[in-house]
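Taking it in order: structure first as structure tokens, then the write-up.
Computed from the coordinates by the stated procedures, all read-outs in this text should not be read as laboratory data. Computed from a predicted model, the values in this text were never measured in an experiment. All Cβ positions, glycine included, derive from the backbone under ideal geometry; neighbour counts span all protein chains shown.
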Amino acid sequence: MDFDGGDEIRFEHLGRAGIVTLTRPQALNAVTHRMIKALDRALHAWERDHEVDVVVVKAEGRAFSAGGDILHIYEAGRAGKPPVEFFADEYRLNARIARFKKPYVALIDGIVMGGGVGISFHGSQRVMTESAQFAMPEVGIGFFPDVGASHLLPDLGGSFGMYLALTGNRIRHGDALWSGLATHTIKAQDQAAFLDRLAATGDPESVLRGFFTPARRETDRSVLEAIARHFAQPSLTDIVGSLERASAVDDFAARTLATIGTRSPTSLHIAWRQISAGLTLSMDECMKMEFRILNRMLSGHDFYEGIRAAIIDKGSTPLWRPASLDAVSAADVDAYFAPLYERELKL
């Protein structure tokens with residue numbers, strides 16, 4: 001079965017299931033434009049196929065997907081041809097997954113970040129193994145938590161989504177299950193048997209009841225209480241101030257403050273606003289908002305500087321512009337959210 005994914009993504013119809021496998025393990029299954037378009041075609045076909053009851057997305061190798069192909073994005077942007085259509089198609093796919101009429105099961109074993117989150121966590125069942133890790137680390141490369149993070153993260157209790165957005169920190173499967181990011185956890189060794197049973201029945205909920213293995217929350221209650229206290233503050237300035245006041249006597253506050261201090265100030269302001277706004281927006285509205293931000297990011301400084309520091313000159317320190325939170329004005333932030341008029345995202 002071929003939806004023109006080449007050797008980057010594979011499609012199979014097994015029993016009652018449409019199986020999607022990301023096949024770029026050497027690149028940690030970073031999502032490419034070809035993969036996005038192929039998956040969109042597959043979902044369009046399978047949603048209307050009476051022989052497909054459920055769609056499963058999984059991956060080869062040690063990562064589910066470490067995000068988008070940011071080196072390609074960097075090179076295209078630096079050449080004066082920022083890949084706006086890549087993101088437009090990606091965001092449309094994210095929205096399609098969220099409203100997909102059949103069960104959509106993401107089977108996540110290994111790291112899932114950025115673009116990988118976009119093709120997995122908007123599905124109906126998000127299944128993680130003990131090897132899985134989740135992160136939205138975009139503020140660390142001068143970007144913002146996109147691919148529907150503004151719809152996904154605000155719903156997490158205890159301001160946990162705001163914490164993940166502003167720090168970019170990784171969490172494991174237990175925290176993902178506790179927070180509601182994951183709907184189920186299973187053992188890595190059970191993946192093949194789970195898929196066989198799912199293909200035979202086409203009924204993910206009944207199959208998951210047989211394979212579900214509860215996962216303990218990894219983050220201590222005291223830390224969760226600190227996250228809720230600090231990250232529920234009514235502005236980014238208030239969050240940082242709350243952490244600063246506690247940092248002298250609280251290791252968590254000191255570590256978190258240090259982490260935030262390495263992130264792009266512009267990205268932090270944008271992430272705080274988008275996660276706050278997303279609480280009252282639909283998925284489609286979030287994707288349109290993110291597309292507005294994206295267009296401004298691709299013509300800005302920090303995104304390319306962040307990729308340079310992380311990927312091109314590995315391990316170097318990015319030079320953010322502006323360099324401090326105080327130097328980012330409300331007008332600067334407003335500009336990222338301004339209408340695009342005839343260039344708005346069409347869903």
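In table form, for the structure just shown:
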read-out: Length gained when the stretch Ala330-Lys187 is fully extended (0.36 nm per residue, less Cα-Cα span); value: 46.8 nm
read-out: Among Gly261, Phe134, Ala76 the positive-end extreme of the charge dipole of the chain (Cβ point charges); value: Phe134
read-out: FRET efficiency for Ser282 and Ala248, using Cβ-Cβ distance with R0 set to 45 Å, rounded to 0.05; value: 0.60
read-out: Taking the convex hull of Cα positions in segment 257-347, its mean projected area over all directions (nm²); value: 6.9 nm²
read-out: Percentage relative contact order, the chain, counting C-alpha pairs under 8 Å, at least six apart; value: 17 percent
read-out: Percentage, to the nearest whole number, of Cα pairs in segment 289-334 over 15 Å apart; value: 53 percent
read-out: Alpha carbon centroid spacing (whole Å) that separates segment 20-57 from segment 112-143; value: 16 Å
read-out: Quotient of Cα Rg and 2.2 N^0.38 Å for the chain, N being how many residues it contains; value: 0.97
read-out: At R0 = 41 Å, FRET efficiency that the Cβ-Cβ distance of Thr317 and Glu60 yields, to 0.05; value: 0.75
read-out: Estimated distance in nm for a label pair at Val223 and His13, the labels positioned 7 Å out from Cα along Cα-to-Cβ; value: 4.7 nm
read-out: Debye, to nearest 20: dipole size of the chain, +1 on Lys, Arg Cβ, -1 on Asp, Glu Cβ; value: 120 debye
